[in-house]
Amino acid sequence: MFKKYSFLTLLFIFLITLAPLSVNAETYSSGKVHIEDEWSALSDEDMNAIIADATEFSEITGYNVGFVISYDIGTKNEVEYGDDIYDDVFGINTDGVLFLINNDTLYDYIGTSGEAILMFDDNRLDITLDNVYDPTVDGNYVLAFDIFTDTLLDYYYRGIPDSNEGYYVDENTSTLEKAINYMPIIFMGFIGFLIVGIISYVVICSSYKFKSAPSARCYTDRNETLFRDRSDVFLRQYTTSHKISSSSGGSGRSGGSSVHRSRSGGSHGGRSRRR
C-alpha cells in the first residue's frame, strides 16, 4: 500500500513539473508574443507553428505581436476589442501590432502601436488585409498569420514610408505631428553669426588703417565762397494694400497613418475590413 501511494505521489510531482512546458491550445502569452484562440480553431500543431512565426517576427523587429481569433466581441467594435487586448497585454504606447480575426461580426482588424504606427501606414495595412483575405475566409488561420508576418516584415525592411517620414505620434493628442528639424536652423544661425563677425572685423580693421578724408571746406575761402543750405520737405505719402493668397485650399496631409485613441488612453493606428 505504501509503495502504491509513493508511486502516485512521484507521478503527481512529475506531472506538475511538466505542466509549465505544455502549451495551452487556446491561449499562449509569453514575453512579446500573445496568441488567443477563442474560436478553438487551432490544433496544438497549429498553435506551435504560429508561436514560432510570431516569435521570429518579434525577434527581428523588436515589436510586440498579438494574434486573436475572436468568438464574441460583445458590445465593442473590432477596433475597441483589438486595442483593449493589446493595451491589457502589452501596455499602452508600446511598439507592436495585433491581428484580430473577428469571427463574430466578420470585421477583421490590424492594429498598431508605438513605432509600428509610423512603420505601417494605412496603405501598407490595407495591402496586408488584402493578402490575408483568402486564407482567412477559408479558415486557414496558420497561413493567414504567416502571410501577415511576411508582409509586415517586408515593409519593415523597407523602413518608414515616405508618407510618415518626418512625423511623430503625439501621445497626448493621438495625432501625427510634423517633427521640427533644428539642425538647419542651428547651421544657418552659425553662418549668420560668422558673417556678422567677419564684417565687424573688416570694419574695425579699416577704421585703423585709413583716416577719414578732409572736408572740402578746408580748400575754400570763406570770404569768397557762399554756401546755401537746401532741404526737401516730405509732405505726405499714399499707400494701398490688398490680400495675396498663397494657396487655393487647406494644407491637409494626404496618406500616412490614421491615429486614434483607445479606451485605455493609448495611441493606435490600424485598419479594419469586412470579410
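The values are calculated or read from the model by the stated rules, or taken from the named source; none is laboratory data. Just so you know, these numbers come straight off a predicted model, no measurement behind them. Reconstructed Cβ throughout: ideal geometry from the backbone, glycine too, with neighbour counts over all protein chains shown. The accessibility values were calculated without ligands, DNA or RNA, using every heavy atom of the protein model including side chains. Shrake-Rupley method; radii C 1.70, N 1.55, O 1.52, S 1.80 Å.
In the set (1) open to solvent by less than 20 Å² (accessible area, probe 1.4 Å); (2) under 20 Å from G159 (Cα atoms); (3) assigned to a helix (DSSP H, G or I), the condition left unmet by I110 is number (3). One residue is enough: does the range 116-124 have a residue meeting the conditions at pLDDT 95 or above and surrounded by fewer than 16 Cβ atoms within 10 Å (Cβ to Cβ)? Looking through the range 116-124, at least one residue is at pLDDT 95 or above and surrounded by fewer than 16 Cβ atoms within 10 Å (Cβ to Cβ).
Scanning the range 152-169 for residues that are polar (S, T, N, Q) and either open to solvent by less than 20 Å² (accessible area, probe 1.4 Å) or in contact with a strand residue (DSSP E or B) (Cβ under 6 Å, 6 or more places away or on another chain) (or both) yields a total of 1. Filter the range 86-107 down to residues that are open to solvent by less than 20 Å² (accessible area, probe 1.4 Å) and part of a helix (DSSP H, G or I) and give me whichever is farthest from D150 (Cα to Cα). Here the residue is D87. Taking the conditions exactly as written (under 20 Å from the mean Cα position of the chain (by Cα), modelled with pLDDT under 95 and open to solvent by 60 Å² or more (accessible area, probe 1.4 Å)), does N172 satisfy them or not? Yes: the conditions hold for N172.
Going by the conditions given, is T75 open to solvent by 30 Å² or more (accessible area, probe 1.4 Å), of a type in the set (S, T, Y), part of a loop (DSSP other than H, G, I, E, B) and at pLDDT 95 or above? Before you say what the answer is, go through the steps one by one.
On the way: open to solvent by 30 Å² or more (accessible area, probe 1.4 Å): yes; of a type in the set (S, T, Y): yes; part of a loop (DSSP other than H, G, I, E, B): yes; at pLDDT 95 or above: yes.
Judged against the criteria, T75 is a match.
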